[in-house]
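Let me begin by presenting the structure, written as C-alpha cells, before commenting on it.
The values are calculated or read from the model by the stated rules, or taken from the named source; none is laboratory data. Predicted, not measured: the structure shown is a model, and the values here were computed from it. Cβ placement follows ideal geometry from the backbone for every residue including glycine, while neighbour counts extend to all protein chains displayed.
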Amino acid sequence: MKKILVVAVAMIFATSFSQEKEVEKEFKKRSAGLELTGSRIPSFGVFYERFWKIGKNYTSQTYELSSVSANKQGTFNEFTGSGFQISSGTKLYSSDKGGHKGLFYKNSLVYGNIKFDEKGFLENYKGTYSYFSIFNPEIGYDFMIAKTLRTSFTAGTQWQIEVKGKENVDNRDFDNWIFNFGVKLSYDF
C-alpha cells in the first residue's frame, strides 16, 4: 500500500515538473476551491489549480484531494466503505480568445483507496479496494460568476486499473469504467 502511494505521488509531481521545461509559459493566476463529483464512487474534496498561457493556448495544472465513499447500491456487495482519492491533471481550453474560461478538455492521473470494515448479520466484510488511472478524460465548461469566483461543470469517464484487493475485497465484481459528473466552485487569486 505504501509503495503504491509513493509511486502515485511521484507520478503526480513528475508530470508537474516535467511540463514546466517544455515551452515558455506566461503565468496568469491561481485558483483554489471545493469539488463535488457524482459517480459510482462519489467524492467531495478540495483542489488547487495554476493557470498559464502557452503561446496562443490557455492551460492549467490541477491538484485534487478528495474523500470518497462506497455506498450500498449494489456497487460493493451491499457494504459501505470510505477512503481518499488524489489526482493531478491538465486542462486544455478550446479557445484562445476566452482565456481561462469556456470549454475545456482534461485528463488526470488518479489514485484511490477505499477501506471496508462492516459487520453484517451473517458475515463481516473487511478489506481494501485500491485503484489508479492514467486515462481519466473529462469535458467541462468554466465560467466566472463574479470577478474572482469561478465555477465549472464536468462530465467524463475513468478507466480504473485495480490493485489486488485485501481480505474480503477480491476486485472481481467491479466495472473498470466509471462515468462521472461534477461541479467545482473556486476563488481566483
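Is one or more of the residues making up the range 152-166 at pLDDT below 75 and outside any strand (DSSP E or B)?
Within the range 152-166, not a single residue is at pLDDT below 75 and outside any strand (DSSP E or B).
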(Q) What pairs come out if I take residues in the range 88-99 that are within 18 Å of residue 137 (Cα to Cα) and without any contact (Cβ under 8 Å) to a residue 12 or more places away in the chain and pair them with residues that are crowded, with 17+ Cβ neighbours inside 10 Å and among the aromatic types (Phe, Trp, Tyr) whose C-beta lies under 7 Å away, six or more apart or interchain? (A) 94/104
Q) Of the residues that sit in the range 39-88 and are more than 14 Å from residue 114 (Cβ to Cβ) and basic (Lys, Arg), which one is modelled with the highest pLDDT? A) 50
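If you go through the range 139-149 one residue at a time, how many are in a strand (DSSP E or B) and modelled with pLDDT under 95?
From the range 139-149, those in a strand (DSSP E or B) are 139-144, 149; that's our starting set.
Add one more test, that the residue is modelled with pLDDT under 95, and what stays is 142-144.
Total meeting the criteria: 3.
Give the residue, chosen from 33, 112, that is buried (at least 16 other Cβ atoms within 10 Å of the Cβ), modelled with pLDDT under 95 and out of contact with any Cys (no Cβ under 8 Å at 6 or more places or on another chain).
On the way: 33 fails: modelled with pLDDT under 95.
The unique qualifying residue is 112.
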Q. Only one of (1) of a type outside the set (S, T, N, Q); (2) buried (at least 21 other Cβ atoms within 10 Å of the Cβ); (3) at pLDDT below 90 fails for residue 91. Which number is that?
A. (3)
Q) Does the range 124-131 contain any residue that is within 20 Å of residue 33 (Cβ to Cβ), at pLDDT 75 or above and surrounded by 13 or more Cβ atoms within 10 Å (Cβ to Cβ)? A) no
Q | Tally, over the range 30-61, of residues that are touching a Ser or Thr at 6+ places or on another chain (Cβ under 8 Å), in contact (Cβ under 8 Å) with a residue 60 or more places away in the chain and in a strand (DSSP E or B) | A | 9
